[in-house]
Amino acid sequence: MNSSVRGYWVMTWLGLIGNVVALPVIGWFAFLTPSLRVANISLAFALAWPAAVVGIVAAAGLLAERRWGGIVAIVALSMALASSLPYGIVRFALHAVGADAIAMGWLSMLLALLNLLALLFWCRPQLRRGGPL
């Protein structure tokens with residue numbers, strides 16, 4: 001990975017901090033939201049927590065300036081995008097469940113947008129040129 005590219009260290013540290021913070025927040029949302037509790041818990045166990053753990057591994061690889069860190073970051077962001085976008089769409093479709101469904105839908109869509117922007121950053125070809133192993 002080319003760590004001299006602008007934004008490399010900022011995105012790496014944001015990813016590490018965001019994924020570490022995401023672990024308890026995912027549990028809080030999954031177990032304490034009253035609507036769709038079974039869906040929230042199964043989504044947390046199946047996609048959200050694994051994506052956060054893979055994101056922490058990716059950030060560790062990026063901090064060590066390993067090339068595989070960028071690939072693992074792309075995988076983690078893809079996993080997060082694959083769960084947050086459909087979840088937001090379902091929450092919007094079930095808006096009759098309650099007011100929290102709309103808020104959770106907007107939050108999920110915002111996370112999907114942030115994941116997409118981060119995914120576009122880590123897919124840039126400038127990051128693949130040169131740099132230490």
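Annotations for the structure displayed:
- Rounded, prolate or oblate (a/c below 1.5 giving rounded, otherwise prolate when a/b exceeds b/c) for segment 13-64 by Cα gyration tensor: prolate
- Top of Leu23, Leu116, Leu36 by mean-square fluctuation, Gaussian network on the chain, Cα under 10 Å: Leu36
- By the combined test of axial Cα extent (at least 24 Å) and Kyte-Doolittle hydropathy (mean at least -0.5), the qualifying DSSP H helices of the chain come to 8-32, 67-93, 99-122.
- The modelled label-to-label distance for the pair Arg6/Val38, using points 7 Å beyond Cα in the direction of Cβ, is 5.1 nm.
- Residue among Ala59, Ala101, Ala48 with the largest mean-square fluctuation in a Gaussian network model of the chain, springs linking Cα atoms under 10 Å: Ala101
- Once the 1.4 Å probe is applied to the protein heavy atoms, the chain comes out at 55 Å² accessible per residue.
- Among the listed values (i) 0.91; (ii) 1.04; (iii) 1.42, the one computed from these coordinates for Rg/Rh (Cα atoms, Kirkwood Rh) is (ii).
- Temperature 37 °C, viscosity 0.692 mPa s: under these conditions the Stokes-Einstein estimate for segment 59-99, based on its Kirkwood radius over C-alpha pairs, is 271 µm² per second.
- Label point 7 Å beyond Cα of Trp13 along Cβ direction - residues of segment 44-88 with amide nitrogen under 13 Å: 63
- Expected 222 nm ellipticity per residue - DSSP helices of 4 or more, -39500 (n - 2.57), all of the chain, to 500: -25500 deg cm²/dmol
- Note on segment 36-108: percent of Cα-Cα distances in each 5 Å bin, starting at 0 and stopping at the bin with the largest distance, equals 3, 17, 21, 19, 14, 10, 8, 5, 2, 0.
- Linear extension gain, Trp49 paired with Trp28, 0.36 nm per residue minus alpha-carbon span: 6.4 nm
- Near Trp122: Cβ cut-off under 13 Å, other residues only, Lys/Arg at +1 and Asp/Glu at -1. The net charge is +3.
- The chain - percent of accessible surface contributed by carbon and sulfur, probe 1.4 Å: 79 percent
- In this simple spin-label model, placing a label point 7 Å from the Cα along the Cα-to-Cβ direction at both Leu117 and Ala99 gives a separation of 2.8 nm.
The values are calculated or read from the model by the stated rules, or taken from the named source; none is laboratory data. Fair warning: this is a prediction, and the values are worked out from it, not measured in the lab. No Cβ is skipped: glycine too gets one built from the backbone with ideal geometry, and neighbour counts run over all protein chains shown. Ligands, DNA and RNA are excluded from the accessible area calculation, which covers all protein heavy atoms including side chains. Shrake-Rupley method; radii C 1.70, N 1.55, O 1.52, S 1.80 Å.
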